[in-house]
Amino acid sequence: MEQNLGWELREDSFSPAEYQKNETLFSQGNGYIGFRGNFEEGYSKNSVTGSYLNGFFEFTDIQYGEIAFAYPEHGQTMLNVANAKVMRIWVDGEMFSLESGEVLRYERVFSFRTGVLSRKVEWRAPNGKELEISLERFVSQVRKNIAVIRCSVKALNFSGEIGVESVIDGNVTNLTCEEDSRVGSALHGRVLDAEAVTSTDNLLSMVQKTRKSGLALCCAAVHKADGAEAAEHAVQQLNCALRFAFSLKEGETARVEKYIAYQDSRYAEDYAGQAVSLAEEAAAAGFDTLLSEQEKFLADFWQDTDIEIDGDPSLQQGIRFNIFHLLQSTGHDGKTSIAAKGLTGEGYEGHYFWDCETYVFPVFLCTRPEIAKQLLTYRHSILDKARERAREMGHPKGALFPWRSINGAECSPNYPSGTAQYHINADIAYAVKSYWEATGDREFMEQYGLEILVETARLWYDLGFFCAHKGGKFCLNFVTGPDEYTAVVNNNCYTNLMAKNNMLFAAKMARMLGGWERFGLSEEEIAGWEKAGAEMYLPYDEKTGLYQQCDGFFDLEKWDFANTPKENYPLLLHYHPLVIYRHQVCKQGDLVQAMYMLPDEFRPEDKKPNYDYYEAITTHDSSLSNSVFGIMASELGDPEKAYRYFISTARMDIDDGKGNTKDGVHTANMGGTWMGVINGFAGMRVRPDCLSFKPALPAQWGGCRFQVTYHGSKIRVEMSADHTRYTLVSGNPASLCHNGEAFTLEGTREF
Ligand code: BGC
């Protein structure tokens, strides 16, 4: 048990009250398909049945009380698509359900080594017949379009008839929720039309089409049911089913395997034909082959990404759970990204935010750089839409990436905490820079990276101006930084620093790579970015050494934390935005985020006072907050505080720390967990010339081991309280730095 705790999520009894949360936790996915952890037989109460394809969306109409120019007209919602998870079991006319009969034994286990979700139930039907039911399912990490279910039913105390019904259900809708703006969509009722609903001897298939976004998908399932006597077909307008009948003697087992494929029109014109043939191929390979492919894939994956810690099994479980969910939810085909809730729920409607580049990207950058590259390729693919948006927003040049989107068009209806978050541009450029520093991939930079840098730098240069009233410094006005409790401000320090980084790096790359004609670049334009970057205005108070989060921040009244009842958090659900904006109160790191991301922009002696100042006024109402405060606590030499923050990140979803895990996992925080160990406790920073470490483990841990990739070299790091060992696992000698001492790693080096 102990040994497995770190490698699985387990439920030993069925808890109806936790069903929805557990549907999220037991979600499976592969970056394309996402299945919530719904029971195959269904559950009548409190269920959010969800099957998603990354980026498969429908447009919604945004209703404004009062519209203004360039407000986005359409939202986008990732759709709940045909549910192929449905398997129903019958014994002499009684349908298996945990809501009837008697549950004699129950166990559900989700393995991070295999990705298999398996449920074993011993159940006594109301008619007294006892069954042992085993349901195993996984979404293939190797075959993008495939998921599999194996359903085994053993007759425990009788001989008789067993029925297993397999269904594709097209009668699916998305969530609507009026009370919480973070959940639900404007889609009411069913929006996917089903066509070509088919059932043959062993095949089910269904085509679904959206009405507005022009997307179509096919879900197909091929079955193997050895020993079944007959298969009955049922085809209706919105679903199709196959019913297999078995005649079992006591102690015998009936088994049905379901090989599911989804394909959609973004990837293949003949998506319907492909879905069927991919399902057939999977069935021909068989369950065991698919499973061993999966195990091999995951063994390699964990080799690259695992973090082992000594002395804390429950945090160990949280770390692996979070890393595994990132794998499950991150698109890596260059056409998709990772949604705030991944493919595990409908919170934030399946939208991609800065969460990806700032929190998830760093994980893959240092473990699976090819996935990091695909995430940037997705951003490159939406550049045209970002250019269009820039024009709508009055910028004659450059590109403005959407604050939240699926297809690249801005769909945030709330501009103060949406469109105004221009920092998304710099966050993406920062990721391009990190990718360059960690890989040196020149081909990528020439083909994709430079264009992103140029277009984002252009936008900053157009947005800002050299303000005489601010000593001629370059100012950026009316934007919102990461902290959404302070909105539409002048000179947000984070934004200004990140824009500076963006413009200077764009200039550096443009000078280095040349090819200016492709982008119509001139010496004058590049020199402009350099000047704006060098002369960026920063709201710094010389007297105190404190940075104002933005102009005028210190003029605001401090929030009355002492008289704010616990139940009033998160504040956004209990106070009008203006009440919040009028106060010094932060939802999440902003200045602290800047200190983490741009360490060299701050004098070392300024970091602690600024951290202390902002920590005291931060609510951490955003799940993105804790990890960054934890990492900075590590940098500032307070491993105990860092550890406290870390605990809240590593188990945030497993323990439902935010109370809304039912709506989907918090993917940014999951990346933040990895960052908490690697960038926090190990103090790793990707630098242009080296990979540097400054380890400071929490006293509670005996040791910690992990692997990172830097310029194609794989490096294993083993740390204990007073000892660190670096081993070059593969690749060229690597330039590292340990507590300020630079060295070239060949073989092993110990400190
Ligand atoms: C946070 C944003 C984040 C979004 C999606 C909001 O609550 O303030 O920073 O991008 O959630 O996770």
Is one or more of the residues making up region 599-610 of a type in the set (Lys, Arg), outside any helix (DSSP H, G or I) and loosely packed, with under 11 Cβ neighbours inside 10 Å?
yes
Taking the conditions exactly as written (outside the structural domain of Asp590 (by TED's automatic domain parsing) and more than 16 Å from the ligand (Cβ to nearest atom)), does Asp663 satisfy them or not?
no
The residue from Tyr596, Tyr614 that alone is in the same structural domain as Tyr430 (by TED's automatic domain parsing), under 22 Å from the mean Cα position of the chain (by Cα) and within 16 Å of the ligand (Cβ to nearest atom) is Tyr596
Qualifying positions in region 21-48 - within 21 Å of Ser97 (Cβ to Cβ) and in contact with a Leu (Cβ under 6 Å, 6 or more places away or on another chain):
Phe26, Glu40
Which of the helices (runs of 4 or more DSSP H) contained wholly in region 299-417 include at least 1 residues that are within 15 Å of the ligand (Cβ to nearest atom)?
313-329, 361-365
Regarding Leu326, is this residue over 25 Å from Cys240 (Cα atoms) and either in the same structural domain as Glu58 (by TED's automatic domain parsing) or not aromatic (Phe, Trp, Tyr) (or both)?
yes
Has region 517-536 got at least one residue that is in the same structural domain as Tyr435 (by TED's automatic domain parsing) and within 16 Å of the ligand (Cβ to nearest atom)?
no
Only one residue in Gly672, Gly676, Gly683, Gly664 is at positive phi, touching a residue at least 24 places away in the same chain (Cβ under 8 Å), in contact with a Ser or Thr (Cβ under 6 Å, 6 or more places away or on another chain) and small (Gly, Ala, Ser). Which one?
Gly664
Taking the criterion of being modelled with pLDDT of 95 or more, over 30 Å from Met509 (Cβ atoms), in contact with a strand residue (DSSP E or B) (Cβ under 9 Å, 6 or more places away or on another chain) and in a helix (DSSP H, G or I), would at least one residue in region 637-656 satisfy it?
no
Among (1) under 22 Å from the mean Cα position of the chain (by Cα); (2) more than 14 Å from the ligand (Cβ to nearest atom); (3) surrounded by fewer than 23 Cβ atoms within 10 Å (Cβ to Cβ), the one test that Ala431 misses
(3)
Which of the residues that make up region 453-492 are of a type in the set (Val, Ile, Thr) and in contact with a helix residue (DSSP H, G or I) (Cβ under 7 Å, 6 or more places away or on another chain)?
Val454, Thr456, Val479, Thr480, Thr486, Val488
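Each row is one residue, and each column tells you yes or no for (1) more than 30 Å from Asp312 (Cβ to Cβ); (2) at pLDDT 95 or above.
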{"position": "Gln3", "(1), (2)": "no, no"}
{"position": "Gly6", "(1), (2)": "no, no"}
{"position": "Phe26", "(1), (2)": "no, yes"}
{"position": "Asn80", "(1), (2)": "yes, yes"}
Members of region 609-636 that are in contact with a strand residue (DSSP E or B) (Cβ under 8 Å, 6 or more places away or on another chain) and under 20 Å from Pro570 (Cα atoms)
Tyr614, Ile617, Thr618, Thr619, Ser625, Phe629
Counting only residues that are surrounded by fewer than 21 Cβ atoms within 10 Å (Cβ to Cβ) and without any contact (Cβ under 8 Å) to a residue 40 or more places away in the chain, region 395-409 contains a total of 1
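If I ask for residues that are of a type in the set (D, E, K, R) and within 11 Å of the ligand (Cβ to nearest atom), which ones from region 644-660 would you list?
Lys658
Would you confirm, using the coordinates I've provided, whether Ser622 is crowded, with 19+ Cβ neighbours inside 10 Å, at pLDDT 95 or above, in contact with a Lys or Arg (Cβ under 7 Å, 6 or more places away or on another chain) and among the hydroxyl-bearing types (Ser, Thr, Tyr)?
Yes: the conditions hold for Ser622.
Using the structure shown, decide if Val454 is away from the ligand (no atom under 16 Å from the Cβ), in contact (Cβ under 8 Å) with a residue 12 or more places away in the chain and among the β-branched types (Val, Ile, Thr). I'd like the intermediate steps shown before the answer.
Details: away from the ligand (no atom under 16 Å from the Cβ): yes; in contact (Cβ under 8 Å) with a residue 12 or more places away in the chain: yes; among the β-branched types (Val, Ile, Thr): yes.
Considered against the rule, which asks whether it is away from the ligand (no atom under 16 Å from the Cβ), in contact (Cβ under 8 Å) with a residue 12 or more places away in the chain and among the β-branched types (Val, Ile, Thr), Val454 comes out as yes.
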Given (1) crowded, with 21+ Cβ neighbours inside 10 Å; (2) within 16 Å of the ligand (Cβ to nearest atom); (3) within 16 Å of Thr486 (Cβ to Cβ), number of the condition Phe553 does not satisfy
(2)
Going by what's in this entry, would Gly227 be described as exposed (fewer than 14 other Cβ atoms within 10 Å of the Cβ) and not polar (S, T, N, Q)?
yes
Under 6 Å by Cβ, and 6 or more places apart or on different chains, what pairs join a residue from region 190-210 that is surrounded by fewer than 16 Cβ atoms within 10 Å (Cβ to Cβ) with one that is assigned to a loop (DSSP other than H, G, I, E, B)?
Arg190/Thr173
Going through (1) over 21 Å from Pro599 (Cα atoms); (2) part of a helix (DSSP H, G or I) one by one, Leu504 fails only at (1)
Can you name the residue in region 556-589 that is aliphatic (A, V, I, L, M) and either touching a Lys or Arg at 6+ places or on another chain (Cβ under 9 Å) or closer than 25 Å to Gly657 by Cα (or both) and is also farthest from the ligand (Cβ to nearest atom) among such residues?
Ala562
Sole miss for Ala420 among (1) of a type in the set (A, V, I, L, M, F, W, C); (2) assigned to a loop (DSSP other than H, G, I, E, B); (3) away from the ligand (no atom under 13 Å from the Cβ); (4) surrounded by fewer than 24 Cβ atoms within 10 Å (Cβ to Cβ) is condition (3)
Residue identified as among the charged types (D, E, K, R), out of contact with any strand residue (DSSP E or B) (no Cβ under 7 Å at 6 or more places or on another chain) and surrounded by 24 or more Cβ atoms within 10 Å (Cβ to Cβ) among Arg368, Arg379:
Arg379
With respect to Ala282, is the statement that it is over 17 Å from Ile33 (Cβ atoms), away from the ligand (no atom under 16 Å from the Cβ), touching a Lys or Arg at 6+ places or on another chain (Cβ under 8 Å) and not in a loop (DSSP other than H, G, I, E, B) true?
no
Evaluate the following for Ala633: is it buried (at least 19 other Cβ atoms within 10 Å of the Cβ), away from the ligand (no atom under 16 Å from the Cβ), under 23 Å from Ala668 (Cβ atoms) and not basic (Lys, Arg)?
yes
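Regarding Cys737, is this residue closer than 25 Å to Phe301 by Cβ and either assigned to a strand (DSSP E or B) or assigned by TED's automatic domain parsing to the domain that holds Lys433 (or both)?
No.
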For region 36-133, please list each of the strands (runs of 3 or more DSSP E) lying entirely inside it that holds at least 1 residues being surrounded by fewer than 20 Cβ atoms within 10 Å (Cβ to Cβ) and not hydroxyl-bearing (Ser, Thr, Tyr).
57-61, 74-78, 87-91, 102-111, 117-124
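The values are calculated or read from the model by the stated rules, or taken from the named source; none is laboratory data. Quick caveat: nothing in here was measured; it's all calculated off a predicted structure. We place every Cβ from the backbone using ideal geometry, glycine too, and count neighbours over all the protein chains shown.
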